[in-house]
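Below is one structure, written out as structure tokens, with a few remarks after it.
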Amino acid sequence: MRTAQRLTRIPPYLFAELGRRRDEAIARGVDVIDLGVGDPDRPTPAPIVAQLAEEAKVAGYHRYPAYEGGGEFRGAAAAYMKRRFGVEVDARSQVMALIGSKEGLAHMVWALCDPGDVMLCAEPAYPVPRMHTLLCGGEPVTVPLLAERGWLPDLDAIPEAAARRAKALFLNYPNNPTAGVADLAFFERAVAFCRRWDILLVHDAAYAEVGFDGYRAPSVLEVPGAADVAIEFHSLSKTFNMTGWRLGWAAGSAEAARALGTIKTNTDSGQWTAIQAAGSFALNKLGPETIAETQAVYRQRRDVMVAALRAAGVEAAAPRATFYLWCPVPAGYDSAGFAAEVLAKAGVVVAPGTGYGACGEGYFRISLTVPDERLREAAARISRLR
Ligand SMILES: *Cc1c(COP(=O)(O)O)cnc(C)c1O
């Protein structure tokens, strides 16, 4: 068998070695605590599960769903955008239902990228836009996120030659892995940049509802006229502990939504309508209180872990959003070396920053998505590291 050449463009998986060491430690009987993966540990709120049980009985939902998503779900997403961000989007032409935002981001690249096209990819980053650019035969150009700018990129530093050839700029705020946040002033600059170069701004807002201490993430669509040049990806995964359900949506540019739809109608047949209906219920009925409860859990875990890291001599900043801590490795280590050391000495898995691109060197990421008592145990072991 000969597989496609394009697969050779995907670099080796950077967590593979760490995963091997973790499994070895577990086999030796070490009580390993994995803070490497960003997948909420808490269950989906019971009312959403109950709603799905009801929706599952609707015979009409046992047939193929509508390609672009059911009208009800797209309407619920549009109403949420209005309520939460004050943004008007037309549910029919500007909203697409997704089988999770990962699916949408990947297919958005296929709708934009011809061989040789440049995609401007912020880094360190969730790897999906970069990997699909490679699979499309495109050229990812790294736009570094800078610590001294609060993990925002310097858009003026993007080489003109790259901007000229680019089809899209990929951003993600609140950011995984850095936990950086963007304000509306930055989004205004990003929209102006994309308008100037006639490229699409693809904004991944998966963590829009994971904020603390009164922080509320803005939508890029709050910038007047942004829907001409931007599309934003939202997800129920992190907001409602629904990663396994696979449900999200894209909203913004009608032209981008249509292009994405062309790829999707030829690829998948949409998420099960019963899941969309349960998602509509979550968006319509379980707003602020449920979300606030989840935020409170992460905020408390954040404080526990930041204190433990500081005790261990790590300069841990307390983020205003996401369930990640992004910390510099202590002097004398690189990212992989420090992650290996923490696993060997504390039995705790942390993600080396290089897993999110070369720009992540010198950092590690901790995910707060383990139950409280395990997080406290991990914190206690880490605080004894020094
Ligand atoms: C978790 C995550 C997503 C994926 O969300 P799904 O809707 O579950 O596919 C997208 N982007 C980032 C940055 C994430 O961390």
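Remarks
- For the chain, the cysteines with no partner cysteine C-beta closer than 4.7 Å are C121, C194, C327, C359.
- Largest to smallest accessible area among F85, F281 [probe 1.4 Å]: F281, F85
- Count of Lys pairs (Cα-Cα under 19 Å; at least 8 positions apart or interchain) in the chain: 4
- The alpha carbon centroids of region 154-178 and region 322-347 are separated by 27 Å.
- Where labels lie 7 Å past Cα in the beta-carbon direction, separation of K345 and A157 in nm: 3.1
- Residue-count net charge about G279 - beta-carbon cut-off 13 Å; Lys, Arg +1, Asp, Glu -1: +1
- Temperature 25 °C, viscosity 0.890 mPa s: under these conditions the Stokes-Einstein estimate for region 46-285, based on its Kirkwood radius over C-alpha pairs, is 136 µm² per second.
- Surface accessible to a 1.4 Å probe, per residue, for the residues of region 142-299, Å²: 37
- For the chain, the carbon plus sulfur part of the accessible surface works out to 53%, probe radius 1.4 Å.
- Förster radius 35 Å - calculated FRET efficiency between A185 and R310 (Cβ-Cβ, nearest 0.05): 0.70
- Per-peptide average of other Cβ atoms within 10 Å, ordering 342-352, 241-251 highest first: 241-251, 342-352
- Rounded to the nearest 0.05, the FRET efficiency derived from the C-beta distance between I26 and A56 at R0 = 30 Å is 0.25.
- Listed residue (V37, A157, G19) projecting farthest to the positive dipole end of the chain, Cβ model: G19
- Loop exposure criterion: GluC sites (Glu not before Pro), DSSP state outside H, G, I, E and B, at most 13 other Cβ atoms within 10 Å. Applied to the chain, the longest stretch between such sites is 89-314.
- For region 1-133: relative contact order, % (alpha-carbon pairs under 8 angstrom, 6 or more apart): 14
- Other residues whose C-beta falls under 15 angstrom from the C-beta of L134 contribute a net charge of 0, scoring Lys and Arg +1 and Asp and Glu -1.
- Exposure of I10 as accessible area (Å², to 10), given a probe of 1.4 Å and all protein chains: 60
- Heavy-atom accessible area with a 1.4 Å probe sorts K285, K167, largest first, into K285, K167.
- Area accessible to solvent at D228, 1.4 Å probe radius, in Å²: 110
- Surface calculation, 1.4 Å probe, protein heavy atoms: R302 sits at approximately 10 Å² accessible.
- Using only side-chain charges placed at the Cβ, +1 for Lys and Arg and -1 for Asp and Glu, the dipole size of the chain relative to its Cα centre rounds to 500 debye.
- Estimated [θ] at 222 nm from DSSP helical runs (n ≥ 4, -39500 (n - 2.57)) normalised by residues in the chain, nearest 500: -12000 deg cm²/dmol
- Charge dipole (the chain, unit charges on Cβ, about Cα centre) - positive-most of L343, I231, F212: L343
- Cβ-defined net charge surrounding G38, 10 Å radius [Lys, Arg +1; Asp, Glu -1]: +1
- Inter-centroid distance (Cα atoms) of region 254-317 relative to region 1-44, Å: 22
- For T133, T262, the ranking by accessible surface with the largest value first comes to T262, T133, using a 1.4 Å probe.
The values are calculated or read from the model by the stated rules, or taken from the named source; none is laboratory data. None of the values given here were measured: they were computed from a predicted structure. Virtual Cβ from ideal backbone geometry, glycine too; neighbours counted across all protein chains shown. Note: areas computed on protein heavy atoms with side chains; ligands, DNA, RNA excluded. Shrake-Rupley method; radii C 1.70, N 1.55, O 1.52, S 1.80 Å.
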